[in-house]
Amino acid sequence: MNAAAPSTRAETPIAFIQAMVKAYLRRNMDPAEALKKAQIAPNLLHQADARVTALQMEWMSEAAMRELDDEALGWFRRRLPWGSYGMLVRASLTAPNLGVALARWCRHHNLLTDDIRLALSTSNGQAHIELHEAHDLKDLREFCTVSVLRNALGVACWLTDSRIPLSATDLQFAPPRHADSYRVLFDGPVRFEAPHSQLSFDAGYLQLPIRRDEAALQRMLQRALLLTVRPYRRDRLLVEKVRQTLAEHPDRSRNAEDLAAWLNLSPRTLHRQLKEEGASLQQLKDAVRRDLAMDLLLRTGRPIKQIAAEVGFQNEKSFMRAFKGWTGASPETIRKNS
């Protein structure tokens, strides 16, 4: 990642970043490295109306989940270790249709924590994914509710490879200061101070067949946070297509022109659509190089100089400088502490 802040549309409330910081502090841990990885300046935490981009939210969430070893990011009284939400999705893969898959997903989620209860219901031609708070979530209520509901919708869309439009979103809490952000977080009307929180959509979608398999799940789990952080698009996020091409076909992605041609786009369209999805080509190149470098550092004993060349750097010095900017630590430190 570059040192400069991402030049993309910032629409995610800083309140969600503040909630993650609270999870760190409750466990007597320092969020500084996670904030650095997400390129979020600490002083932004004190600006109530501040916003971050979807990509910054993704970076911060991933770092926090790994450092806290908690995919629930502190919402619940017990941690949900890394892989918990992937396990829920795997259990739904064999369902004959979306209705069975979602009912199974809710039931299995209830086995992971008793702080909230999830349920699938139908009424008047509408399907509802209900969230009932069984234990007081206090100042993490909003972040938990929004994240769990968006994840449930993301899973539903991914399993069926369909974009499922919402007819309504009901939320149990009062309108927050950043209530205007909810036009981005959920499509359709949003109602606050409801008896309980739920997403509603046409019940006809429950009959859709499951179109995913284990191989698709393995690919999805590499970037599972996208199901929560960004809205699902049937044509799949261009970000993921670019990331996959950069990783698997480096010869086709030496520059924007080659990459755009491989993806059947114009370079201008490539840059514009990436920006709309909260990313840039340089950020994605850095992320792919970082992931490859981390894999080689932790999985092999190759010299740093050789790893630098393999991830595309002309010399070891520039690689080490970039790596420290990405992770906050030197390659030697990462390898030593692994």
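Under 1.5 on a/c is rounded, so check that first for the stretch 84-207, then, if it is not, pick prolate when a/b is larger than b/c and oblate when it is not; a ≥ b ≥ c are the square roots of the alpha carbon gyration tensor eigenvalues.
Oblate shape, in that a/c is at least 1.5 and b/c is the bigger or equal ratio.
Could you size up the charge dipole of the stretch 10-68 around its Cα centre, putting +1 on the beta carbon of Lys and Arg and -1 on that of Asp and Glu, and report it in debye to the nearest 20?
180 debye
Please give the contour-minus-distance gain from ARG107 to LEU93: 0.36 nm per residue of separation, less the Cα-Cα distance, rounded to one decimal in nm.
3.6 nm
Assuming R0 = 22 Å, can you tell me the calculated FRET efficiency for the pair GLN126 and ARG77, based on Cβ-Cβ distance, to the nearest 0.05?
0.10
Please tell me the relative contact order of the chain in percent, rounded to the nearest whole number, where contacts are Cα pairs under 8 Å and at least six residues apart.
It rounds to 17 percent for the chain.
Of TRP105, MET60, SER84, whose Cα points farthest to the positive end of the dipole of the stretch 1-121 (charges on the beta-carbon: +1 Lys, Arg; -1 Asp, Glu; origin at the Cα centre)?
TRP105
Can you list the aspartates and glutamates whose alpha carbon is less than 20 Å from that of LYS305, not counting same-chain residues fewer than 8 positions off?
List returned: ASP286, ASP291, ASP295, GLU316, GLU332.
Identify which of ALA38, ALA279, ALA256 has the largest mean-square fluctuation in a Gaussian network model of the chain, with springs joining Cα atoms closer than 10 Å.
Result for the chain, Cα springs under 10 Å: ALA256 fluctuates most.
Could you work out how far apart the two model spin labels at ASP295 and ARG117 are, taking each label as a point 7 Å from the Cα in the direction of the beta carbon, and quote it in nm?
Distance between the two pseudo-spin positions: 4.4 nm.
Say the dipole of the chain comes from +1 at the beta carbon of Lys and Arg and -1 at that of Asp and Glu; which of LEU246, TRP75, VAL148 then lies farthest toward its positive end?
Highest projection toward the positive end goes to LEU246.
Take the Cβ-Cβ distance between GLN222 and LEU25 as r, set R0 to 25 Å, and report the resulting FRET efficiency rounded to the nearest 0.05.
0.25
Roughly how big is the chain's charge dipole about its Cα centre, with Cβ charges of +1 (Lys, Arg) and -1 (Asp, Glu), in debye to the nearest 20?
Rounded to the nearest 20 debye, it is 740 debye.
Before rounding to the nearest 500, sum -39500 (n - 2.57) across all DSSP H runs of length at least 4 in the chain and divide by the residue total; then give [θ] at 222 nm in deg cm²/dmol.
-14500 deg cm²/dmol
Tally Lys and Arg at +1 and Asp and Glu at -1 over the other residues with C-beta under 13 Å from the C-beta of ALA293: what net charge comes out?
Around ALA293, the surrounding residues sum to +3.
Using modelled amide H (1.01 Å from N, peptide plane; none on Pro or chain starts), what sits under 5 Å from the amide H of VAL52, excluding residues fewer than 5 places away?
GLU11, THR12, ILE14
Under a 10 Å cutoff between Cα atoms, tell me which one of ILE116, ILE17, ILE307 has the largest fluctuation in the Gaussian network model of the chain.
ILE307
I'd like the orientation of helix 14-26 relative to the chain: the angle between its Cα long axis and the longest Cα principal axis, in ° from 0 to 90, rounded to 10.
In the chain, helix 14-26 runs at an angle near 80 degrees to the longest axis.
Every number in this text was worked out from the coordinates using simple rules, so none of it is lab data. Fair warning: this is a prediction, and the values are worked out from it, not measured in the lab. Don't worry about glycine lacking a Cβ; one is built from the backbone with ideal geometry, like all the others, and counts go over all protein chains shown.
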